Amino acid sequence: MDKGFMAPRDYSGFAFNRNFLRGFQNDSALRNGYRDYGYLGPTDFANISEIEVLKGPASALYGNGKPGGDINTLTRRIDGQKGSEGMASVNSFGFVRTELNVGGKLSEPSDMGAFRFDASIQGGPSFRDEVHGRRFYMAPGVSLRLGPETKVSIEAEVFRRTAVWDPIFLPDPVLLSLPAKRFLGEPFNLDRTSANSLRIAATHQLSPDLIFRQSIAIHAGNNRYKAATYDTFSGNPLVEADGRTVNRIAEEADDKRRFQISQTELYGTAKTFGIAHEYAIGLELAKFDYDFSLDLAPIASIDALHPVYGAVPGQFQNVALQHYGTSTNVLYMGDRMTFGAGWKAYVGLRGERFKNFLREDQQPETSKRATVVSPRIGLVYELATTNRLFLSLTHAARPQIGTRSASGEIFDAERDSQVELGYQASFDEKKALMTVSLFQIKRDNVLVIDQVNPNFSVARGQRTSRGLEFDLSGSVGPIRLNLSAALTDAFVSRDTTISLGSHLPGVSKRFISGFAQYKFPESLLGITTGIGATCESKVESSLPANGVRLPGYCNIDASFTYDSPAGWWWRATFTNLFDRYAFNSFGYDIRPIQPRTALLQVGANF
């Protein structure tokens, strides 16, 4: 991974799965092409080589069935390149991180096998009062060549984290007026997370034009926490009329999750009737199980303006005991075709048969089987070798798990669609790429409030997002540049109780971010500077809207790096350079952006 210059915003390591893509919350992702069930599959940047943002019809062919795009994190390749790098960093709050990356061949000079080992240890305080944590992560991997045409790779991940469970903020004007550091939990708030993952992939070159791939991914994890947090259960006001007393409740939760994924694929190239094909045919078998238990207990309220800690919870009582999940059998195929006269097309089809299941409070299990078929198509016309027009139409389906209707039935899958029109151009001998696109996404069968039984939902809602996006990335002389801008209108288009046209929470109508990195000429060898900016307009804090909007903001980061010819380097990074007080919303909680922070990193290759 490029050293970059921006520090991860969330030291717990889950933040990069928490964002929005084209107006909708990205609650799941892909990892090396496998389904990754969002924050349930924690990882670490020590093992990530890059993060792909996938858009268009091909992005919906795999995994999570999101027509607007997906995020795919790619782990470091086990390529046999010999090298070792160590890094240590500390920020202005005292948070410390160390990282080790080692790779090479299993034996020299043979190319029959290679290995990688990535690890990190981090811990310390944060900018939030009373909030601190520690984490350990390691990811060993080996690649074996079993013959001239056959290769097997085995990768594992081990993740352990212990941290103070932080209630953050909710969409309330009193809470959002507090200092960013204010913590309204208790010192006993504790969150423990453990996760283990294993991925095995085998590829065999059947012919010069055809490759067979078989892979499996297994994950098991556990999250347990006990915490004082906001009382959203009893019906009492979150903040009393005095504007400072915050009602709380104590929670004790335990979840266990397991998912197994198998992918069998054939992909290759062919030419028929003058048309060139790049195709993939695959079968994915996946199962996801989730066990969840939640106990609640009364606990004293807290003064938001002058908090005093030390409250003790009362007797805990169980309020939720669930076992739910889904098993899916998916057949997918995609063909990227190149015609004459500058035309290209992509045709894909995804057929999915799934079984959703749910068991609550030791009651009999409820299940539902269904089959959904989702086509997608894309068309590209090259105006010249450096610019092109594209059009795509994507359909997708997403099983809705972990909930049921008032009659006890599990819901039909959410059905989504996207249409996109765009223009793409490259400049400076294809060193820079610009993309402009118009899109509209509709999500049908969205769960909304059942008017007859308000404690339950019905699958009758629809959400729509439409917008204009601009992206520019590449190098212009000695400057490396990434620029993104978006105009997005994401709103309620059908509902049982919420007004039509209501804007979706957390989605800014206007967004722009930019990153520029300048490497100085040879006379100042090894010096690189970077600057980045993120600006977004105000956003709704909740749905339905409660009158609380999060203000718009602009945030500036900067860095200065020196790479020594001797193989060591250091970097100074300054995030939120002008110390703006602002918030990010993830649709279910609200987080203040990190105040101005200095980060010093030192690393060496050995």
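Some values worked out for this structure:
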item	result
Residue in region 548-569 that is nearest to SER89 (Cα to Cα), counting only those that are β-branched (Val, Ile, Thr) and touching a strand residue (DSSP E or B) at 6+ places or on another chain (Cβ under 7 Å)	THR561
Residues satisfying the stated conditions in region 314-330, i.e. open to solvent by 30 Å² or more (accessible area, probe 1.4 Å) and either of a type in the set (A, V, I, L, M) or part of a loop (DSSP other than H, G, I, E, B) (or both)	GLY314, GLN315, PHE316, VAL319, LEU321
Every residue from region 458-469 that is open to solvent by less than 60 Å² (accessible area, probe 1.4 Å) and either among the hydrophobic types (A, V, I, L, M, F, W, C) or part of a loop (DSSP other than H, G, I, E, B) (or both)	VAL458, ALA459
Of residues in region 368-400 being surrounded by fewer than 16 Cβ atoms within 10 Å (Cβ to Cβ) and among the β-branched types (Val, Ile, Thr), the one modelled with the lowest pLDDT	THR385
Qualifying residue in region 303-311 (condition: surrounded by fewer than 16 Cβ atoms within 10 Å (Cβ to Cβ), hydroxyl-bearing (Ser, Thr, Tyr), at pLDDT 95 or above and over 28 Å from the mean Cα position of the chain (by Cα))	yes
Top-ranked residue of region 570-589 - restricted to ones that are small (Gly, Ala, Ser) and touching a residue at least 40 places away in the same chain (Cβ under 8 Å), ranked as nearest to SER89 (Cα to Cα)	SER585
Strands (runs of 3 or more DSSP E) completely within region 473-546 that count 1 or more residues being among the basic types (Lys, Arg)	479-494, 510-519
Leading residue by the ranking (nearest to MET87 (Cα to Cα)) among those in region 559-580 that are of a type outside the set (A, V, I, L, M, F, W, C) and out of contact with any Phe, Trp or Tyr (no Cβ under 8 Å at 6 or more places or on another chain)	SER564
Subset of region 470-519 (residues that are surrounded by fewer than 17 Cβ atoms within 10 Å (Cβ to Cβ) and of a type in the set (Lys, Arg))	ARG494, ARG510
Residues located in region 423-441, provided they are under 18 Å from PRO478 (Cα atoms) and either surrounded by fewer than 14 Cβ atoms within 10 Å (Cβ to Cβ) or at pLDDT 95 or above (or both)	ASP428, GLU429, LYS430, LYS431
Top-ranked residue of region 254-302 - restricted to ones that are aromatic (Phe, Trp, Tyr) and under 30 Å from PHE357 (Cα atoms), ranked as most open to solvent (accessible area, probe 1.4 Å)	PHE292
Output for region 561-589, where each listed residue is outside any loop (DSSP other than H, G, I, E, B) and open to solvent by 40 Å² or more (accessible area, probe 1.4 Å)	TYR562, ASP563, TRP568, TRP570, PHE574, ASN584
Subset of region 151-177 (residues that are in contact with a strand residue (DSSP E or B) (Cβ under 8 Å, 6 or more places away or on another chain), outside any loop (DSSP other than H, G, I, E, B) and under 16 Å from ASN247 (Cβ atoms))	PHE169, VAL174, LEU175
Single condition ARG244 does not satisfy, out of (1) of a type in the set (D, E, K, R); (2) within 30 Å of LYS538 (Cα to Cα); (3) crowded, with 19+ Cβ neighbours inside 10 Å	(3)
Residue in region 590-602 that is more than 22 Å from ARG466 (Cα to Cα), open to solvent by 20 Å² or more (accessible area, probe 1.4 Å), of a type outside the set (Lys, Arg) and free of Cβ contacts under 8 Å to residues at least 12 places away in the same chain present	no
Residue that is farthest from SER374 (Cα to Cα), among those in region 315-349 that are among the small types (Gly, Ala, Ser) and in contact with a Leu (Cβ under 6 Å, 6 or more places away or on another chain)	ALA320
Residues of region 245-290 satisfying the condition of being in contact (Cβ under 8 Å) with a residue 24 or more places away in the chain, among the polar types (S, T, N, Q) and over 30 Å from GLN322 (Cα atoms)	THR245, THR264, THR269
Every residue from region 219-237 that is modelled with pLDDT under 95 and open to solvent by 60 Å² or more (accessible area, probe 1.4 Å)	THR232, PHE233, SER234, GLY235, ASN236, PRO237
Members of region 340-367 that are at pLDDT below 90 and among the hydrophobic types (A, V, I, L, M, F, W, C)	ALA341
Hits in region 248-291 (condition: farther than 25 Å from THR203 by Cα and touching a His at 6+ places or on another chain (Cβ under 8 Å))	ARG257, ARG258, ASP289, TYR290, ASP291
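Yes or no, residue by residue, for (1) in contact with a Cys (Cβ under 7 Å, 6 or more places away or on another chain); (2) in contact (Cβ under 8 Å) with a residue 40 or more places away in the chain; (3) among the hydroxyl-bearing types (Ser, Thr, Tyr):
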site: SER107; (1), (2), (3): no, no, yes
site: ILE121; (1), (2), (3): no, no, no
site: GLU130; (1), (2), (3): no, yes, no
site: ARG134; (1), (2), (3): no, no, no
site: MET138; (1), (2), (3): no, no, no
site: GLY147; (1), (2), (3): no, no, no
site: ARG160; (1), (2), (3): no, no, no
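The values are calculated or read from the model by the stated rules, or taken from the named source; none is laboratory data. Everything numeric here is computed off the predicted structure, so don't read it as measured data. Methodologically, a virtual Cβ is constructed for each residue, glycine included, from the backbone with ideal geometry; neighbour enumeration extends over all protein chains shown. All accessible areas refer to the heavy atoms of the entire protein, side chains included, with ligands and DNA or RNA removed. Shrake-Rupley method; radii C 1.70, N 1.55, O 1.52, S 1.80 Å.
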